[in-house]
Amino acid sequence: MAKLEIHQFEALNDNYGFLAHDPETGATAAIDTPEVAAIEKALAQKGWKLTHIFNTHHHADHAGGNLALKEKYGCTIVGPKGEEKLIPGLDRAVGQDDVVALGNIKARVIDVPGHTRGHIAYSFAEDHVAFVGDTLFALGCGRLFEGTPQQMWTSLGKLMALPDDTTVYCAHEYTQANARFALSVEPQNAALVARSKEIDEKRTRGEWTVPTTIGLEKATNPFLRAASPDLRATVGLVSAADVDVFAETRARKDNF
Ligand code: ZN
Ligand code: FE
């Protein structure tokens, strides 16, 4: 019974922008503001009027368009409590389990620090949709710019706890490069091998690999697979704690 309408579009080099729309009330949110022109074009295409901005974190390719859009549309800006001072034009700071309304549709905020210290995700549970910014990518996860491996592992665990059929909207098209790394640490994973092939074919045809789903990521994304014996063997941490396997995997990706 999906009520939420989502429009995805390309922005900047490899970002995705998203509009989330409540058809009953007309309320429309930009999930992050990577590029004003791309967002305005998307709004015009759909015939939607911007009422909200839901920011996931403070990086310029996520909040850089806030002020220009607010000036033009007078929209309400919602963003992470943990980065209150870094989000331009912020009206409402939110954190774990706060509820954000988009017209008649409600989203729950999940704190997912790691990439940045206050990063949040928006879960539209009724629609089985989550916007995760730069925390979880298709076959990847965000770099740890401001947080620790333990923080990121806890954050990813919260996303893993969402239902497997949750559609996950991540903010970048990094999947093909992520797949090459994933194959290097878990080449025995048949689901990963098959998915990598599919990704190559999609990219050859110029198609997007976002969104993904929680179930697909749990089966193939090395950053969610710290428990995998094959992955553990590759990184040489057969009996370590999951968080240490995650930390080692993340460190290897940084140098891949
Ligand atoms: Zn970022
Ligand atoms: Fe980003």
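Which members of the stretch 123-161 meet the condition of being open to solvent by less than 10 Å² (accessible area, probe 1.4 Å), among the aliphatic types (A, V, I, L, M) and assigned to a helix (DSSP H, G or I)?
Those that are open to solvent by less than 10 Å² (accessible area, probe 1.4 Å), among the aliphatic types (A, V, I, L, M) and assigned to a helix (DSSP H, G or I): Met152, Leu156, Leu159.
Are any of the residues in the stretch 23-42 within 21 Å of Val129 (Cα to Cα) and part of a helix (DSSP H, G or I)?
yes
Are any residues in the stretch 54-78 away from ligand 1 (no atom under 16 Å from the Cβ) and either assigned to a helix (DSSP H, G or I) or touching a strand residue (DSSP E or B) at 6+ places or on another chain (Cβ under 6 Å) (or both), and if so, which ones?
Across the stretch 54-78, the qualifying residues are Leu67, Ala68, Leu69, Lys70, Glu71, Lys72, Tyr73, Cys75, Thr76, Ile77, Val78.
How many residues does the stretch 190-244 contain that are without any contact (Cβ under 8 Å) to a residue 60 or more places away in the chain, open to solvent by 20 Å² or more (accessible area, probe 1.4 Å), not β-branched (Val, Ile, Thr) and not in a helix (DSSP H, G or I)?
Qualifying residue count for the region: 10.
Taking Thr154 as the residue in question, decide whether it is more than 16 Å from ligand 1 (Cβ to nearest atom) and in contact with a strand residue (DSSP E or B) (Cβ under 7 Å, 6 or more places away or on another chain).
Here the answer is no, as Thr154 does not meet what is asked.
What are the residues in the stretch 162-189 that are of a type in the set (S, T, N, Q) and in a helix (DSSP H, G or I), if any?
Once the filter is applied, which keeps residues that are of a type in the set (S, T, N, Q) and in a helix (DSSP H, G or I), the stretch 162-189 yields Thr175, Gln176, Asn178, Ser184.
Quick check: is even one residue across the stretch 66-78 in the same structural domain as Leu136 (by TED's automatic domain parsing), within 16 Å of ligand 2 (Cβ to nearest atom) and either surrounded by fewer than 17 Cβ atoms within 10 Å (Cβ to Cβ) or modelled with pLDDT under 95 (or both)?
No, the stretch 66-78 contains no residue that is in the same structural domain as Leu136 (by TED's automatic domain parsing), within 16 Å of ligand 2 (Cβ to nearest atom) and either surrounded by fewer than 17 Cβ atoms within 10 Å (Cβ to Cβ) or modelled with pLDDT under 95 (or both).
The values are calculated or read from the model by the stated rules, or taken from the named source; none is laboratory data. If you're wondering where the values come from, they're calculated on a predicted model, not measured in any experiment. Every residue, glycine as well, gets a Cβ built from its backbone with ideal geometry; the counts of neighbours run over all protein chains shown. Calculation scope for accessible area: heavy atoms of the full protein, side chains included, ligands and nucleic acids excluded. Shrake-Rupley method; radii C 1.70, N 1.55, O 1.52, S 1.80 Å.
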